[in-house]
Amino acid sequence: MNSKILKYSVLLLLVAISVGGIYYLNLPSRHKAIIKTRINHTFGLVDNTWNITNKDQTLSLITPTLVVDQIYKSMEGPKVMRSFQIDSKTDDLVWITSFETKAISTNEVDALSNDYICHTNIDFYDGEHYSRWNLNERIGQHYPRLTSMSNGIEKYNFPDGFGFPVFGNENLFLSTQTLNHNIKSDPFSVKHQINLGYKPHSKTMKPLQSKTVFIMLPYNTDNPFQGPTEANPNMCLPVETGNHSYSNDEGESLSGHWVVFPGRKRYSYDITHQLQLKDSTTLHHIATHLHPYAETLTLKNKTKDTVIFTSIAENYTDKTGLKRVSSFSSAEGVMLYPDHAYELILEVNNTSGSDQDMMASMFLFLYDKEMHEQLKAYKVN
């Protein structure tokens, strides 16, 4: 009896391994990377610890080791995520004023190419954040992304006198992902170091509110991977429909992550509804997220027919990747109005000779008058 049980157990194990192997082999690179990273960290095959330090008003988070074992295009590479706080020992108010992400060696000292940075996202928990300021009507109204750093724009500061107010023990969330467009050699390992600069509370500081705006393009829900067509040249071919897929008020399917074909192409999208401006306010900083082969991303006031800012992407000429993406920063600011229409315009030149993927986003930091009124009542303990 025991031999039969053993035989059937072995058979079931072999079947499970075969089914699991077939399932794994059919996964896209992004999901394979998640599984491999989880195995590496769970079983301690690589360093699975975070190194977090807080010194000289800079919070530094160094990630566990990330193994790069193949080409990983944007949104595909190994990634890690965690919640964190500026200082868990205090509820003092501080102001986040700068962001930096960089690739480093596993010795946590030597710098590596930032070509291995796909994006680093920092989110806040809007329920916790806004309830502390009695701004409950904001909860759930926008995706609570504070900012994102990405290939070509890995470091920036807010204008002097501006910041994002958080309490020391307030929860924030970090997600950072690797990128590898060019290296096809043996596997290698990297870490990411994320630095957040902050200042103690001062009544002279002005609060910024982050609004994420991005291009979305329509696609055929019934045949999502067939297109564009001559009849609908602006219809996009989504990279996938499980992520970065949305629908508008008319029920039309839209994708924020789509395929660009060889050659030049211009895309535009009205982002007025994404801004959801209630009052006039000033724009003080813009951080842009683009993928390789993008050339420019322009924020335009359609009502006035004026360009607010054009972010210029400098592509490498000898490899795939973004060398630099320009950003906007102004203490004076630019006025935005609730009764005006705004759009993003993207210019792409895909010189690779093959299909590539694209995303185009701007993180707009606006003066937050409503938050400023709440801050006036804040009393330092």
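The values are calculated or read from the model by the stated rules, or taken from the named source; none is laboratory data. Predicted model, so just to flag it, every value in this text is computed and none were measured. Every residue, glycine as well, gets a Cβ built from its backbone with ideal geometry; the counts of neighbours run over all protein chains shown. Each accessible area value is taken on the protein alone, full model and side chains, heavy atoms only, with ligands, DNA and RNA left out. Shrake-Rupley method; radii C 1.70, N 1.55, O 1.52, S 1.80 Å.
Residue-wise test of (1) within 30 Å of G333 (Cα to Cα); (2) touching a Leu at 6+ places or on another chain (Cβ under 8 Å); (3) in contact (Cβ under 8 Å) with a residue 60 or more places away in the chain.
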| site | (1), (2), (3) |
| --- | --- |
| T204 | yes, no, no |
| F225 | no, yes, no |
| Y246 | no, yes, no |
| V259 | no, yes, yes |
| L283 | yes, yes, yes |
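Mind checking which residues of segment 316-354 are open to solvent by 60 Å² or more (accessible area, probe 1.4 Å) and closer than 20 Å to W258 by Cα?
Those that are open to solvent by 60 Å² or more (accessible area, probe 1.4 Å) and closer than 20 Å to W258 by Cα: E347, T351, G353.
Tell me which residues, restricted to segment 47-60, are among the charged types (D, E, K, R) and either touching a Leu at 6+ places or on another chain (Cβ under 8 Å) or surrounded by 13 or more Cβ atoms within 10 Å (Cβ to Cβ) (or both).
Within segment 47-60, just D47 meets the criteria.
Among the residues of segment 123-131, is any under 16 Å from V325 (Cα atoms) and buried (at least 17 other Cβ atoms within 10 Å of the Cβ)?
Within segment 123-131 (the criterion being under 16 Å from V325 (Cα atoms) and buried (at least 17 other Cβ atoms within 10 Å of the Cβ)), the answer is no, since none of the residues qualifies.
In segment 61-116, which residues are open to solvent by 30 Å² or more (accessible area, probe 1.4 Å) and acidic (D, E)?
If the condition is that a residue be open to solvent by 30 Å² or more (accessible area, probe 1.4 Å) and acidic (D, E), then D69, E76, D87, D91, D92, E100, E108, D110 are the ones that fit.
Of the residues K199, K191, only one is open to solvent by 20 Å² or more (accessible area, probe 1.4 Å), among the charged types (D, E, K, R), at pLDDT 95 or above and outside any loop (DSSP other than H, G, I, E, B); which?
The conditions single out K199.
Test K7 against the stated conditions and say whether it is over 29 Å from S105 (Cβ atoms), modelled with pLDDT under 95 and not in a helix (DSSP H, G or I).
No; evaluated as a whole, the condition is false for this residue.
So for segment 68-79 (the condition being β-branched (V, I, T) and more than 20 Å from the chain's Cα centre (by Cα)), does at least one residue qualify?
No; the residues of segment 68-79 include none that is β-branched (V, I, T) and more than 20 Å from the chain's Cα centre (by Cα).
Kindly evaluate G168 against the criterion of being under 30 Å from D47 (Cβ atoms) and open to solvent by less than 40 Å² (accessible area, probe 1.4 Å).
So G168 passes the test.
Scan segment 127-138 for residues that are under 21 Å from D91 (Cα atoms) and either in contact (Cβ under 8 Å) with a residue 12 or more places away in the chain or touching a Lys or Arg at 6+ places or on another chain (Cβ under 6 Å) (or both) and report the count.
8
Could you please find all residues in segment 141-153 being open to solvent by 30 Å² or more (accessible area, probe 1.4 Å) and assigned to a loop (DSSP other than H, G, I, E, B)?
If the condition is that a residue be open to solvent by 30 Å² or more (accessible area, probe 1.4 Å) and assigned to a loop (DSSP other than H, G, I, E, B), then Q141, H142, Y143 are the ones that fit.
So is K376 under 21 Å from S148 (Cβ atoms) and open to solvent by 60 Å² or more (accessible area, probe 1.4 Å) or not?
no
Of the residues that make up segment 169-177, is at least one of a type in the set (A, V, I, L, M) and outside any strand (DSSP E or B)?
There is no residue in segment 169-177 that is of a type in the set (A, V, I, L, M) and outside any strand (DSSP E or B).
Filter the strands (runs of 3 or more DSSP E) completely within segment 211-315 down to those with at least 2 residues that are of a type outside the set (G, A, S) and open to solvent by 60 Å² or more (accessible area, probe 1.4 Å).
Qualifying strands (runs of 3 or more DSSP E): 263-270, 306-315.
Of the residues in segment 355-367, how many are open to solvent by 40 Å² or more (accessible area, probe 1.4 Å) and touching a helix residue (DSSP H, G or I) at 6+ places or on another chain (Cβ under 8 Å)?
Selection size over segment 355-367: 0.
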